[in-house]
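The values are calculated or read from the model by the stated rules, or taken from the named source; none is laboratory data. Computed from a prediction, not measured in an experiment: that's the story for all the values here. Glycine also receives a Cβ, built like all others from the backbone with ideal geometry; neighbour counts cover every protein chain displayed.
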C-alpha cells in the first residue's frame, strides 16, 4: 500500500482525509503547513500529496511549486484540496504543478478517485 501526505492546517480536514486514506488501506502522513509539507515530502517520499492552499508558512501554491520544481520530488503527484473555488485558482494551481484540484468540502468519492488515479 502507498504512503499519502496530507498537508492541511485544519485538524478536522486532516482527520477527514486520513480517514479516507486509511479506509483504503494506505498510510497517511500529515503536515500542518506548506513548509512542513515540503519537508515531510523530502523525508517521507510519499506516493501522493493532498495539499490545502490557505495555510501559514508557505501557502499550498508555493509549497506545490517548491515540491514540483525539486528534482527529488517532481514525480510525486500533488492534488490541491481547497476552499478556493475560482477557475483562476485552479489554473494557477496547475501552473504550480498540481495534477488535480478538489474543492472543499471534499467528497469521499472525489478523494478515492484521486487516490485510485495516482497510486498505482
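Does residue 52 count as crowded, with 24+ Cβ neighbours inside 10 Å, touching a helix residue (DSSP H, G or I) at 6+ places or on another chain (Cβ under 7 Å) and touching a residue at least 60 places away in the same chain (Cβ under 8 Å)? Taking the combined requirement at face value, the residue does not satisfy it. Comparison of 46, 56 shows that the only residue that is closer than 13 Å to residue 7 by Cβ and modelled with pLDDT under 95 is 56.
May I ask you to verify whether residue 21 is in contact (Cβ under 8 Å) with a residue 24 or more places away in the chain, within 15 Å of residue 112 (Cα to Cα), over 11 Å from the mean Cα position of the chain (by Cα) and not in a loop (DSSP other than H, G, I, E, B)? Before you say what the answer is, go through the steps one by one.
Numbers: in contact (Cβ under 8 Å) with a residue 24 or more places away in the chain: yes; within 15 Å of residue 112 (Cα to Cα): yes; over 11 Å from the mean Cα position of the chain (by Cα): yes; not in a loop (DSSP other than H, G, I, E, B): yes.
In short, yes.
Among the conditions (1) over 14 Å from the mean Cα position of the chain (by Cα); (2) surrounded by fewer than 17 Cβ atoms within 10 Å (Cβ to Cβ); (3) in contact (Cβ under 8 Å) with a residue 60 or more places away in the chain, the only one that residue 91 does not satisfy is (3).
On inspection, residue 67 qualifies as crowded, with 18+ Cβ neighbours inside 10 Å and either at pLDDT 95 or above or touching a strand residue (DSSP E or B) at 6+ places or on another chain (Cβ under 9 Å) (or both).
Is at least one residue of the stretch 16-25 surrounded by 19 or more Cβ atoms within 10 Å (Cβ to Cβ), under 18 Å from residue 120 (Cα atoms), in contact with a helix residue (DSSP H, G or I) (Cβ under 6 Å, 6 or more places away or on another chain) and modelled with pLDDT of 95 or more? Looking for residues that are surrounded by 19 or more Cβ atoms within 10 Å (Cβ to Cβ), under 18 Å from residue 120 (Cα atoms), in contact with a helix residue (DSSP H, G or I) (Cβ under 6 Å, 6 or more places away or on another chain) and modelled with pLDDT of 95 or more, one finds at least one in the stretch 16-25, hence yes.
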